[in-house]
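Here the structure is laid out as structure tokens; the discussion comes afterwards.
The values are calculated or read from the model by the stated rules, or taken from the named source; none is laboratory data. None of these values were measured; they are calculated from a predicted model. Quick reminder, even Gly has a Cβ in these numbers, built from the backbone with ideal geometry, and neighbours come from all protein chains shown.
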Amino acid sequence: EVQLVESGGGLVKPGGSLRLSCAASGFTFSRHSMHWVRQAPEKGLEWVSSISTSGAYIYYADSVKGRFTISRDNDKSALYLQMNSLRAEDTAVYYCARLEYAAFELGGAFDNWGQGSLVTVSS
Amino acid sequence: QSALTQPASVSGSPGQSITISCTGTSSDVGGYKYVSWYKQYPGKAPKVMIYEVTNRPSGVSDRFSGSKSGNTASLTISGLQAEDEAHYYCSSYSSASTLVFGGGTKVTVL
């Protein structure tokens with residue numbers, strides 16, 4: 001059974017940093033591009049960042065470019081999101097997601113999602 | 001990276017069919033086949049219902065179908081059931097090497 005388990009969320013002050021982790025199991029992690037999607041309270045889904053199977057190709061939404069860094073460790077089957085210079089508008093549940101039916105890193109659909117990790121940015 | 005446009009809400013009676021639209025541009029929905037649809041219950045993670053415009057993942061009811069015309073993709077739910085009441089989101093690959101979601105549509109079963 002595919003499992004994605006996020007951790008590392010919490011309360012942080014504006015301008016602060018946080019690192020999210022996603023532990024993957026039940027599939028060959030290194031064969032899938034991985035992604036972060038967030039959802040602000042009572043709002044819709046927003047794509048945040050994606051990383052290719054090897055980590056060679058990385059993509060970011062304009063809203064987080066220059067502040068967030070995605071990375072992965074295929075040996076540990078783990079995905080990470082380093083979030084710096086956090087703002088109130090970054091407050092959201094952050095989901096780790098696996099891409100399936102994929103023609104390339106962004107050409108597919110998210111077939112498995114974690115339970116989400118809540119990040120709250122507030123003074 | 002503008003969000004795709006979806007109606008805020010759609011409703012229907014049990015047994016009826018409803019269609020949710022998802023409008024983008026030629027740089028996203030209109031330009032690529034990588035349009036997906038997701039269903040989300042409150043407090044839960046999304047679930048993929050359609051990928052590559054028309055394809056249903058294994059296990060998804062054939063009451064769900066997808067289509068696209070120009071810059072607008074659509075999700076049709078036939079034989080509406082109480083369990084279909086949820087939020088639905090479309091997403092598309094964009095030429096800017098990004099992914100974009102729609103704002104979401106709340107489906108209400110009357």
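When you look at A:Leu79, is it more than 9 Å from every other protein chain (Cβ to nearest Cβ), under 13 Å from the mean Cα position of the chain (by Cα) and buried (at least 18 other Cβ atoms within 10 Å of the Cβ), yes or no?
Values: more than 9 Å from every other protein chain (Cβ to nearest Cβ): yes; under 13 Å from the mean Cα position of the chain (by Cα): yes; buried (at least 18 other Cβ atoms within 10 Å of the Cβ): yes.
Criteria met by A:Leu79.
I want to confirm something. Restricting to segment A:93-107 and keeping residues that are outside any strand (DSSP E or B) and either within 7 Å of chain B (Cβ to nearest Cβ) or at pLDDT 95 or above (or both), which single residue is nearest to A:Met83 (Cα to Cα)?
This residue is A:Leu106.
Quick test for you: out of B:Ser11, B:Ser26, B:Ser36, pick the one residue that is within 18 Å of A:Glu46 (Cβ to Cβ) and among the polar types (S, T, N, Q).
Numbers: B:Ser11 fails: within 18 Å of A:Glu46 (Cβ to Cβ); B:Ser26 fails: within 18 Å of A:Glu46 (Cβ to Cβ).
Criteria check complete, one pass: B:Ser36.
Of the conditions (1) surrounded by fewer than 20 Cβ atoms within 10 Å (Cβ to Cβ); (2) more than 9 Å from every other protein chain (Cβ to nearest Cβ); (3) under 21 Å from A:Tyr59 (Cα atoms), B:Val29 clears all except one; give me its number.
The number of the failed condition is (1).
When you scan segment A:111-120, do you find a residue that is assigned to a strand (DSSP E or B), within 14 Å of chain B (Cβ to nearest Cβ) and among the acidic types (Asp, Glu), even just one? Before the answer, list the steps.
Narrowing segment A:111-120 to residues assigned to a strand (DSSP E or B): A:111-113, A:117-120.
Then keep just the ones that are within 14 Å of chain B (Cβ to nearest Cβ); that gives A:111-113, A:117-118.
Adding the requirement that they be among the acidic types (Asp, Glu) leaves A:111.
Yes: one or more hits.
Would you point out which residue out of B:Ser65, B:Ser58, B:Ser78 is surrounded by 14 or more Cβ atoms within 10 Å (Cβ to Cβ) and over 12 Å from the mean Cα position of the chain (by Cα)?
The unique qualifying residue is B:Ser78.
Tell me, yes or no, whether segment B:99-109 has at least one residue that is under 16 Å from A:Ala109 (Cβ atoms), in contact with a strand residue (DSSP E or B) (Cβ under 8 Å, 6 or more places away or on another chain), without any contact (Cβ under 8 Å) to a residue 12 or more places away in the chain and in a loop (DSSP other than H, G, I, E, B).
No: zero hits.
Can you confirm whether segment A:13-30 contains a residue that is within 14 Å of chain B (Cβ to nearest Cβ) and farther than 24 Å from B:His87 by Cβ?
No, there is no match, as no residue in segment A:13-30 is within 14 Å of chain B (Cβ to nearest Cβ) and farther than 24 Å from B:His87 by Cβ.
Does any residue of segment B:75-84 turn out to be within 14 Å of chain A (Cβ to nearest Cβ), under 27 Å from A:Ala103 (Cα atoms), of a type outside the set (D, E, K, R) and part of a strand (DSSP E or B)?
Among the residues of segment B:75-84, at least one is within 14 Å of chain A (Cβ to nearest Cβ), under 27 Å from A:Ala103 (Cα atoms), of a type outside the set (D, E, K, R) and part of a strand (DSSP E or B), which makes the answer yes.
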